[in-house]
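> Below you'll find the structure I mean.
The values are calculated or read from the model by the stated rules, or taken from the named source; none is laboratory data. This is a predicted model, so every value here is computed, not measured. When we count neighbours, we look across all protein chains shown, and the Cβ atoms used for this are built from the backbone with ideal geometry, even at glycine. In case anyone asks, the SASA skips ligands and DNA or RNA and just uses the protein heavy atoms, side chains included. Shrake-Rupley method; radii C 1.70, N 1.55, O 1.52, S 1.80 Å.
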Amino acid sequence: MSFNNTITLNDGNKIPQIGLGTWNSAPGEVARAVEHAVRTGYRHLDLAKIYGNQKEVGEALKKVIPSVVKREELFITSKLWNSFHKPEVVEKALDDTLAELGLEYLDLYLVHWPIAITGNLDELVQVEDGKVKLDLETSLVDTWRAVVALKKTGKVKSVGVSNFTEEHIEAITAAVGEAPAVNQIEAHPLLPQDELREYHKKKNIHITAYSPLGNNIQGKTKIVEYPEVTEIAKRRGVDPAQVLIAWGVRRGYSVIPKSVTPSRIESNFQQVDLTDEEYEEVSSIIKSAGRTRFTLPYVFTPKWDINVFGDDVEKDATHQIKIQ
Ligand SMILES: NC(=O)c1ccc[n+]([C@@H]2O[C@H](COP(=O)([O-])OP(=O)(O)OC[C@H]3O[C@@H](n4cnc5c(N)ncnc54)[C@H](OP(=O)(O)O)[C@@H]3O)[C@@H](O)[C@H]2O)c1
């Protein structure tokens, strides 16, 4: 059985629970992956300016709209890159993304990170003395107000954030008078986000879980390769990735596994429901494996010298997020 479930957001729009991730899907691979996903039944695509592949995604969209799906049947998310946080460039950044994709509107536009940096369309990240150049003047509240205003243009249906903490969300909601519909965060059994999940439930903000399989960009073992996961998968006669996707779905998240491999695109979309015991078993992996955050700007090269999450590893960062 395929995943067809949708979840109603706090603004009334509906998000399909499984989406296709596209980070690190190379131009040349991504169009085929998107086309295959839509033909397989995916209706939710997770995109971003910084992934550098939106033009190719746009080519795939032309192949499937309207021959396979109508535009309104797809849920397309993209993200405002960090160098476009100044209110006066927010709408221009959205227009650029819509032009790359060949679309009139997005279903969801997210503030990609709670970090403002300098840069422009020709230079998305600027580096000085080995560090990413930060924009320390623009606040999260300034950016969020401009993103919320985009809804009036008709070019976005829902707006949200990504990689935001409870403190960030509390502040932008209080200042602007509108909560994000979605916070897209890293979430998987090694980073279960229990507290943040409780907070989001209370505030009716939906979580989309990224890196559900545990992306190994830092050279760490992917969670799909953990023996505990492969063992459950073997017992159930399913793929390890399906176990991890099912874990996120059971927690109420939208889950956006990335793949450019046709067979994986298909199997990741096949619904598996975990029993209570299996769910607990997957949840307990963290006890031996330890808490792991795979995506942390402070440890990237070049360094992003800013404390985003308040994790121990970020404690020596020189800068804090400008919230207000
Ligand atoms: N908001 C943010 O800051 C943020 C950050 C990170 C990610 N994201 C979004 O979330 C998406 C997913 O996260 P992610 O790309 O970091 O990691 P992921 O989806 O957890 O893992 C992707 C990796 O798993 C492999 N894979 C896919 N299906 C598999 C399967 N069935 N069995 C074994 N391996 C499989 C993929 O390889 P192949 O492609 O070669 O099959 C790729 O190497 C991203 O693509 C992006 O759209 C957002």
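> Within the stretch 60-71, is there a residue that is open to solvent by less than 10 Å² (accessible area, probe 1.4 Å), in contact (Cβ under 8 Å) with a residue 40 or more places away in the chain and touching a Leu at 6+ places or on another chain (Cβ under 9 Å)?
Residues of the stretch 60-71 open to solvent by less than 10 Å² (accessible area, probe 1.4 Å): 60-61, 64, 69.
Next cut, in contact (Cβ under 8 Å) with a residue 40 or more places away in the chain only: 61.
Subsequent filtering for residues that are touching a Leu at 6+ places or on another chain (Cβ under 9 Å) retains 61.
Taking every residue of the stretch 60-71 in turn, at least one turns out to be open to solvent by less than 10 Å² (accessible area, probe 1.4 Å), in contact (Cβ under 8 Å) with a residue 40 or more places away in the chain and touching a Leu at 6+ places or on another chain (Cβ under 9 Å).
> Against the definition (away from the ligand (no atom under 13 Å from the Cβ), without any contact (Cβ under 8 Å) to a residue 24 or more places away in the chain and buried (at least 21 other Cβ atoms within 10 Å of the Cβ)), how does His200 come out, yes or no?
Yes, satisfied.
> Any residue in the stretch 230-241 that's under 15 Å from Phe269 (Cβ atoms) and modelled with pLDDT under 95: show its pairings with residues that are outside any helix (DSSP H, G or I) and within 14 Å of the ligand (Cβ to nearest atom) at Cβ separation under 9 Å, as long as the two are six or more apart or on different chains.
Matching pairs, first to second residue: none at all.
> Follow-up. Show me the strands (runs of 3 or more DSSP E) found entirely inside the stretch 1-52 where at least 1 residues are among the aliphatic types (A, V, I, L, M), touching a strand residue (DSSP E or B) at 6+ places or on another chain (Cβ under 6 Å) and within 12 Å of the ligand (Cβ to nearest atom).
Qualifying strands (runs of 3 or more DSSP E): 44-46.
> Can you pull out the residues in the stretch 249-263 that are in a helix (DSSP H, G or I) and either near the ligand (Cβ under 10 Å from one of its atoms) or β-branched (Val, Ile, Thr) (or both)?
Val249, Pro262, Ser263
> Right, here's the next one. When you go through (1) within 30 Å of Glu281 (Cβ to Cβ); (2) among the hydrophobic types (A, V, I, L, M, F, W, C); (3) crowded, with 19+ Cβ neighbours inside 10 Å one by one for Ala171, which number turns out not to apply?
All conditions are met except number (1).
> What number of residues within the stretch 209-238 satisfy the criterion of being over 21 Å from the mean Cα position of the chain (by Cα) and either surrounded by 21 or more Cβ atoms within 10 Å (Cβ to Cβ) or over 23 Å from Glu29 (Cβ atoms) (or both)?
Counting residues in the stretch 209-238 that are over 21 Å from the mean Cα position of the chain (by Cα) and either surrounded by 21 or more Cβ atoms within 10 Å (Cβ to Cβ) or over 23 Å from Glu29 (Cβ atoms) (or both) gives 13.
> Report every pair of residues separated by at least 6 positions or lying on different chains whose Cβ atoms are under 6 Å apart, first residue within the stretch 256-273 and open to solvent by 30 Å² or more (accessible area, probe 1.4 Å), second more than 6 Å from the ligand (Cβ to nearest atom).
Matching pairs, first to second residue: Val260/Ser25; Val260/Glu29; Val260/Ala33; Pro262/His36; Glu266/Thr40; Gln271/Met1; Gln271/Phe3.
> Can you tell me how many residues within the stretch 177-197 are within 12 Å of the ligand (Cβ to nearest atom) and touching a Gly at 6+ places or on another chain (Cβ under 8 Å)?
Residues flagged as within 12 Å of the ligand (Cβ to nearest atom) and touching a Gly at 6+ places or on another chain (Cβ under 8 Å) within the stretch 177-197 amount to 6.
> Within the stretch 122-131, does at least one residue satisfy the condition of being hydrophobic (A, V, I, L, M, F, W, C), under 26 Å from Ala31 (Cα atoms), open to solvent by 20 Å² or more (accessible area, probe 1.4 Å) and in contact (Cβ under 8 Å) with a residue 24 or more places away in the chain?
So far as the stretch 122-131 goes, yes, one or more of its residues are hydrophobic (A, V, I, L, M, F, W, C), under 26 Å from Ala31 (Cα atoms), open to solvent by 20 Å² or more (accessible area, probe 1.4 Å) and in contact (Cβ under 8 Å) with a residue 24 or more places away in the chain.
> In addition: Does the stretch 278-298 include one or more residues that are in contact with a strand residue (DSSP E or B) (Cβ under 9 Å, 6 or more places away or on another chain), without any contact (Cβ under 8 Å) to a residue 60 or more places away in the chain and not in a loop (DSSP other than H, G, I, E, B)?
Scanning the stretch 278-298 turns up at least one residue that is in contact with a strand residue (DSSP E or B) (Cβ under 9 Å, 6 or more places away or on another chain), without any contact (Cβ under 8 Å) to a residue 60 or more places away in the chain and not in a loop (DSSP other than H, G, I, E, B).
> Still on this structure, please answer the following. Of all residues in the stretch 73-95, count the ones that are under 19 Å from Asp142 (Cβ atoms) and in contact with an Asp or Glu (Cβ under 6 Å, 6 or more places away or on another chain).
Residues meeting the conditions: 1.
> Out of (1) open to solvent by 10 Å² or more (accessible area, probe 1.4 Å); (2) outside any strand (DSSP E or B); (3) within 16 Å of the ligand (Cβ to nearest atom), the odd one out for Asp107 is which?
Only one criterion is unmet by Asp107, namely (2).
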